[in-house]
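To start, the structure under review is shown below, and the notes come after it.
The values are calculated or read from the model by the stated rules, or taken from the named source; none is laboratory data. Computed from a predicted model, the values in this text were never measured in an experiment. Every residue, glycine among them, receives a Cβ derived from its backbone with ideal geometry; neighbour counts consider all protein chains shown. Calculation scope for accessible area: heavy atoms of the full protein, side chains included, ligands and nucleic acids excluded. Shrake-Rupley method; radii C 1.70, N 1.55, O 1.52, S 1.80 Å.
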Amino acid sequence: MNRLPGLDRPAGRRLLAAAAIGVAGELGAVGLLATGAWLLLSASLRPPVLLLSVAVGGVQLFSLGRAFARYGERLASHGLGLGVQAGLRTWLYQRLASLLPAGLPGANQGDLLARLISDTEEAQDLVVRAAAPLLAAVAAWAVAAITAAALLPAAGEVVLAAGVLALTGSAAAVTVVSRRAAALPTARGAVTTWIHQLLASGEELVALGADGWALAELDRRERELGARTRAVAAAAGLGRAVATLAGGAGVAGVAWVGARALATGRIGPVELGVLVFLTLSVAGILRALPDAAARLPVSRASVQRLADLGHQPGPEGPRNVRSDPGSSSYLRSNGLSPRRPPPPVLLREAAIGYPGAGPRPAVRGVDLDLVPGQPVALTGPSGSGKTSVLFALLRFADLSAGQMTIGGADALALPPEQVRALLAWSPEQPQLFPVTLRANLRMGAPQASDAQIAELLRRLRLGPWLDRLEQGLDTVLAPWGHPVSGGELQRLSVARALLAARPVLLLDEPTRHLDAATADAVLAAVLDAAAGRSLLWVTHRPEELASFPAVRRLAAAPCPWAAAPAAARCGPPRSAGR
């Protein structure tokens with residue numbers, strides 16, 4: 001398992017500290033009950049008042065100590081748990097930022113949502129509800145057994161045996177259902193995935209009359225999740241039954257051996273009462289073991305699901321560590337500062353593969369020159385790898401062969417975020433956030449004024465649409481605000497990339513959903529706005545290619561999903577000049 005943020009040695013030390021405070025709280029409860037028993041039983045014998053005052057002080061001390069220790073344990077364990085959760089989510093965000101654009105094999109948005117929410121919460125429970133209470137209960141039980149043995153060795157043996165029985169029963173119950181319990185996070189992810197698919201495809205399902213099938217499948221997954229949840233509850237319930245039986249047997253056993261010792265004069269009646277009440281407190285401690293033990297397989301499975309993301313190949317692969325770029329001074333020395341003239345971006349004999357598709361590349365032999373003032377069009381049939389080329393430029397996917405340079409520097413030796421700082425990208429399927437139009441467009445250009453935004457929108461033929469918005473740039477967009485059509489969405493994405501004012505523009509199908517006249521206007525506006533910058537225009541429209549001095553065409557994809565002979569028949573795609 002990869003070492004995850006928050007689950008390292010400092011976290012282990014903080015966990016032990018939380019468990020130590022928890023032990024103090026449990027021992028405070030044991031001491032309070034035992035001292036109270038001694039006080040009541042001794043008072044019946046009418047001892048000197050000063051002797052009783054010592055016990056009264058002990059009761060007050062243990063009472064306050066238990067309250068403060070339990071509060072401190074909750075504070076320490078929850079602080080550690082929330083820190084683990086925050087660290088995991090931050091790490092997960094950063095990891096997904098580099099993995100998701102190029103695709104994450106074996107995962108989808110619903111499953112990733114489950115990992116982000118449910119699995120990180122389970123990771124928190126690993127500390128709060130499992131590890132810390134388990135350590136505290138075991139340590140307190142051991143101390144109580146030693147204390148009982150000091151008063152009467154046979155009683156200590158009974159308390160020890162009761163604890164062993166409770167631990168064994170809890171472990172056995174968890175072992176019986178551990179496989180079903182460990183699969184609970186996966187089942188939860190399956191339900192979240194299907195709900196996400198239902199919400200995304202609801203209209204199509206209703207139109208096809210398949211909504212009943214989809215709901216039946218959701219019900220099946222819910223039943224499977226319920227079965228696994230009940231398995232965990234059953235394990236905890238069975239463990240609690242065994243722990244309760246062990247605690248009751250321990251009290252009865254201590255009473256029996258204590259009565260025999262009382263009859264032989266080895267202990268007095270006060271000591272017998274203290275032993276019985278001490279064992280009662282131990283029985284309460286033992287009842288906490290099964291719940292903590294039942295959480296372990298679930299929490300461990302959730303942590304493993306998070307750690308599995310660390311095994312996914314991403315752009316931070318071995319090629320990135322060939323050289324150490326150091327700091328931003330390295331970038332400036334190589335002419336890669338956004339404040340300097342735009343550097344040329346070159347691909348030479350580049351091969352890019354689909355994530356998780358094996359060694360066969362999606363596209364190879366790509367030669368591409370992105371030079372300021374010389375816009376380039378990239379075209380080819382669907383599936384030929386045009387978007388894969390963009391992902392390689394954006395460092396969402398690394399090259400399996402070939403070279404990529406920026407301003408003469410090896411781009412694969414630079415941190416991906418430094419490369420992306422030079423690029424402005426408009427994806428084929430852009431997204432808008434449910435915030436104002438202004439906030440959506442200023443994501444990459446916080447300094448852009450309202451006048452600049454409005455002027456650019458009008459050049460992209462969005463002026464009439466902007467004028468119809470009652471609140472103008474303050475209009476909140478879909479999904480909870482003003483609806484946006486596909487063509488409007490595409491042009492808003494282009495505007496966002498242009499406003500970013502970065503030296504290299506990457507526009508993926510910027511005129512899809514547009515009629516010919518609007519597409520021509522958008523093309524002319526982009527070429528004018530991109531003057532002096534590098535521009536890569538990805539398109540399926542043959543009529544747009546005449547506007548570009550350089551055109552690169554990709555052949556059909558090499559069929560990475562097919563068997564080797566079929567893939568060989570597809571042939572390697574090559575980039576070609578116009």
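Against the longest principal axis of the chain, how steep is helix 211-263, in degrees 0 to 90 to the nearest 10, with axes from Cα atoms?
20
On the full set of protein chains, 1.4 Å probe, figure out the accessible area of ARG420 and give it in Å² to the nearest 10.
In the full protein context, ARG420 sits at about 50 Å².
If each of ASP450 and LEU113 carries a label point 7 Å out from its Cα toward its Cβ, how far apart are those two points in nm?
According to this spin-label approximation, the distance is 3.5 nm.
Pop out the ³J(HN,Hα) list for region 377-388 in order, Karplus 6.51 cos²θ - 1.76 cosθ + 1.60 with θ = phi - 60°, rounded to Hz; leave Gly and Pro as x.
Calculated HN-Hα couplings, in order: 9, 10, 9, x, x, 4, x, 7, x, 5, 5, 4 Hz.
Given the C-alpha centroids of region 424-491 and region 22-46, what is the distance between them in whole angstrom?
70
Measure off 7 Å from each Cα along the Cα-to-Cβ vector at LEU218 and ARG260, then give the distance between these two points in nanometres to one decimal.
Going by the 7 Å Cα→Cβ label model, 6.4 nm.
Restricting to the chain, what percent of DSSP beta bridges are antiparallel, rounded to 5?
45
So what is the relative contact order for region 180-307, in percent, with contacts set as C-alpha pairs under 8 Å and at least six apart?
37
Farthest toward the dipole's positive end in the chain, which of VAL84, VAL242, GLN447, given Cβ charges of +1 (Lys, Arg) and -1 (Asp, Glu) about the Cα centre?
After comparing all options, I get VAL242.
Please report, as a whole percent, how much of the solvent-accessible surface of the chain comes from carbon and sulfur atoms (probe radius 1.4 Å).
In the chain, the share of accessible area belonging to carbon and sulfur is 61 percent.
What's the FRET efficiency of ALA233 with VAL49 using the Cβ-Cβ distance as r and R₀ = 41 Å, to the nearest 0.05?
Result of the calculation: an efficiency of 0.20.
Once you have the Cα-Cα distance between ALA97 and VAL176, take 0.36 nm times their residue separation minus that, and quote the gain in nm to one decimal.
24.5 nm
Under a 1.4 Å probe, what is the accessible area of region 161-261 per residue, stated in Å²?
I get 52 Å² per residue for this part.
Determine the gain in length on full extension of the stretch ALA307-LEU40; use 0.36 nm per residue of separation and subtract their C-alpha separation, reporting nm with one decimal.
Net length gain for the segment: 90.6 nm.
In debye, nearest 20: dipole of region 486-533 around its Cα centre with unit charges on the Cβ of K, R (+) and D, E (-)?
Roughly 260 debye, rounded to the nearest 20.
Which Cα, out of LEU286, ALA550, GLN418, lies furthest along the positive dipole direction of the chain (beta carbon charges, K/R +1, D/E -1)?
LEU286
Specify which residue in the list THR186, LEU437, LEU505 is farthest towards the positive end of the charge dipole of the chain, using unit charges on the beta carbon of Lys, Arg (+1) and Asp, Glu (-1), about the Cα centre.
In the chain, that residue is THR186.
Below 8 Å, C-alpha to C-alpha, sequence gap of six or more: please give me the relative contact order for the chain in percent.
After rounding, I find 15 percent.
Suppose each label sits 7 Å from its Cα in the direction of the beta carbon; what would the THR90-MET443 distance come out to in nanometres?
About 2.3 nm, to one decimal.
For region 359-426, what is the charge dipole size about the Cα centre, in debye to the nearest 20, if Lys and Arg each add +1 at the Cβ and Asp and Glu each add -1 at the Cβ?
220
With a 1.4 Å probe and all protein chains kept in place, how do PHE391, PHE68, PHE62 rank by accessible area, largest first?
Reading off the accessible areas and sorting them downward yields PHE68, PHE62, PHE391.
Roughly how much of VAL538 is accessible, in Å² to the nearest 10, using a 1.4 Å probe?
For VAL538, the solvent-accessible surface is approximately 0 Å².
With charges set only on the Cβ (+1 for Lys and Arg, -1 for Asp and Glu), what does the dipole of the chain come to about its Cα centre, in debye to the nearest 20?
1140
Using only DSSP helix segments of four residues or longer, with each worth -39500 (n - 2.57), what per-residue ellipticity at 222 nm results for the chain after dividing by its residue count and rounding to 500?
About -19500 deg cm²/dmol.
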